[in-house]
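To start, the structure under review is shown below, and the notes come after it.
The values are calculated or read from the model by the stated rules, or taken from the named source; none is laboratory data. Everything quoted here is computed from the prediction, not taken from an experiment. Counting neighbours? That spans all protein chains shown, and the Cβs are built from the backbone with ideal geometry, glycine included.
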Amino acid sequence: MVVHPAFKAGASIRAPESRLAEAVGLALAIDLDIAAAEVVAVTRARPATLLGKGAVDRLADLVEQREISLAVVDFHLSPVQQRNLEKAWSCKVIDRTGLILEIFGARARTREGTLQVELAALSYQRSRLVRSWTHLERQRGGFGFLGGPGETQIEADRRMIGERILKLERELEDVKRTRDLHRKARRRVPYPIVALVGYTNAGKSTLFNTITRAEVVAKDMLFATLDPTMRTLELSSGRKVILSDTVGFISDLPHELVAAFRATLEEVLEADVVVHVRDVSHPDSEAQAADVETVLRELGLAETVDRGLIEALNKIDLLDADGRAEVLNQTRRRPEAIALSAVTGEGVEDLLAELDRRLGVGREAIDVSLSLADGAAISWLYRHGEVVARRDDQTHAFMRVRLDPADVKRFHQRQAEERGHR
């Protein structure tokens, strides 16, 4: 059973039904069977059960009638509220944080991703050691939020969990050091980094696959991607970039996960250009966009957001004629917005052209004189830059070339190494 509490005071900009649909999508992402799903109006949050007594009793009858073994409450429950609802409904209860952690536990693939999730899960679990789920016999895998007794550390004391957390933090430091070394190696390359960000299920991985012809997991499912994936991409100008696919954002992301997954979003912090992939076919597209921008600001990227992200208005293939016309109208008014379909490929070339243009804005013009015998260096400049003028005499080529600042450094470094070899 999935329950979304709709609070009368301080109403959300999203429709409660839409929030319920998202919570159902999260539950389906870990293969739970949904027997019931409903929005429950809440006038005032009750310290003991969050929901009012009438709603708790009515849902208890529903749980019994439909033989429900797990209830998901789409809200952050206190340990006391969680325990009281479990007693009232005689079934396992998890809140939004527990559900998202369970999904992350099932999806994380890399060493870092797995460590991050376990760290977040233990921090969350430590505050809930008071519970006893003696009425549950069913046992399952995962992080134990969905499981029964015998498979979690509920019986363990805080000291054991504290020791494990310290060990995980040490291991994470090692993993981060390795990532820093990889990042420094990339800076020596150094290609500009383009990061794809967006609400979960906006189509980032499908777009990533379309652009790079990679095979990242791309499913119509919340949180299909949980580990950053990177590929080198050559744009039409010959400029090479590193394209990074990142974990999807979501509203009310549990604070345990904002902290734990900061490292997973480090590629975004390093990015030269951020592409915000939006699902324009979703009724809450505007609210989702606002959530993504909020998280980016929390990560310290306020300047990037204010400067203007490239907006990939995705899934136009799912719009009717009026919706499509409206989106195309938006792109005429806002040059940073590009309408596209990652599935059909429509508009993807426009996105790549905008990336090329955006990365070319900061190019420097340099004058070089090269021996005509140095064909490798001349060829390198044509490949990496834009030759705006060239004059040859008997022995030398005199060229004016526009290059990215990173490529100017690479060119000077290359020439210095050549002179060193001579």
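Taking R333, is it more than 24 Å from D284 (Cβ to Cβ) and among the basic types (K, R)? No. Looking across A325, A373, one residue alone is in the same structural domain as E234 (by TED's automatic domain parsing), surrounded by fewer than 17 Cβ atoms within 10 Å (Cβ to Cβ) and free of Cβ contacts under 8 Å to residues at least 24 places away in the same chain. It is A325.
Residue count for the stretch 81-95 under the criterion of being assigned to a helix (DSSP H, G or I) and either assigned by TED's automatic domain parsing to the domain that holds D252 or without any contact (Cβ under 8 Å) to a residue 40 or more places away in the chain (or both): the result is 6. Residues in the stretch 9-31 that are touching a residue at least 40 places away in the same chain (Cβ under 8 Å) and hydrophobic (A, V, I, L, M, F, W, C): I13, A15, L20, A23, L26, A27, L28, A29, I30. Specify the residue that is surrounded by the most Cβ atoms within 10 Å (Cβ to Cβ); the eligible residues are those in the stretch 385-398 that are in a strand (DSSP E or B) and touching a Phe, Trp or Tyr at 6+ places or on another chain (Cβ under 9 Å). Taking the candidates together, the pick is R390.
Just so you know, in the stretch 67-96 the residues that are touching a helix residue (DSSP H, G or I) at 6+ places or on another chain (Cβ under 9 Å) and among the hydroxyl-bearing types (S, T, Y) include one that is surrounded by the most Cβ atoms within 10 Å (Cβ to Cβ), and it is S69.
Restricting the search to the stretch 15-32, which residues are closer than 22 Å to A60 by Cα and either outside any helix (DSSP H, G or I) or among the β-branched types (V, I, T) (or both)? V24, L32 - these are the residues of the stretch 15-32 that are closer than 22 Å to A60 by Cα and either outside any helix (DSSP H, G or I) or among the β-branched types (V, I, T) (or both). The set of residues in the stretch 310-362 being part of a helix (DSSP H, G or I), of a type in the set (D, E, K, R) and touching an Asp or Glu at 6+ places or on another chain (Cβ under 8 Å) consists of D317, E354.
Inspection of the stretch 33-54 identifies at least one residue that is farther than 30 Å from L115 by Cβ and in a helix (DSSP H, G or I).
Residues in the stretch 328-340 that are of a type outside the set (D, E, K, R) and within 21 Å of R357 (Cβ to Cβ) were compared, and the one that is surrounded by the fewest Cβ atoms within 10 Å (Cβ to Cβ) is P335. Between A48, A27, the distinction of being in contact with a strand residue (DSSP E or B) (Cβ under 8 Å, 6 or more places away or on another chain) and either at negative phi or surrounded by 15 or more Cβ atoms within 10 Å (Cβ to Cβ) (or both) belongs to A27 only.
If you go through the stretch 194-214 and keep only what is modelled with pLDDT under 85 and either surrounded by fewer than 12 Cβ atoms within 10 Å (Cβ to Cβ) or in contact with a helix residue (DSSP H, G or I) (Cβ under 6 Å, 6 or more places away or on another chain) (or both), you end up with just R213.
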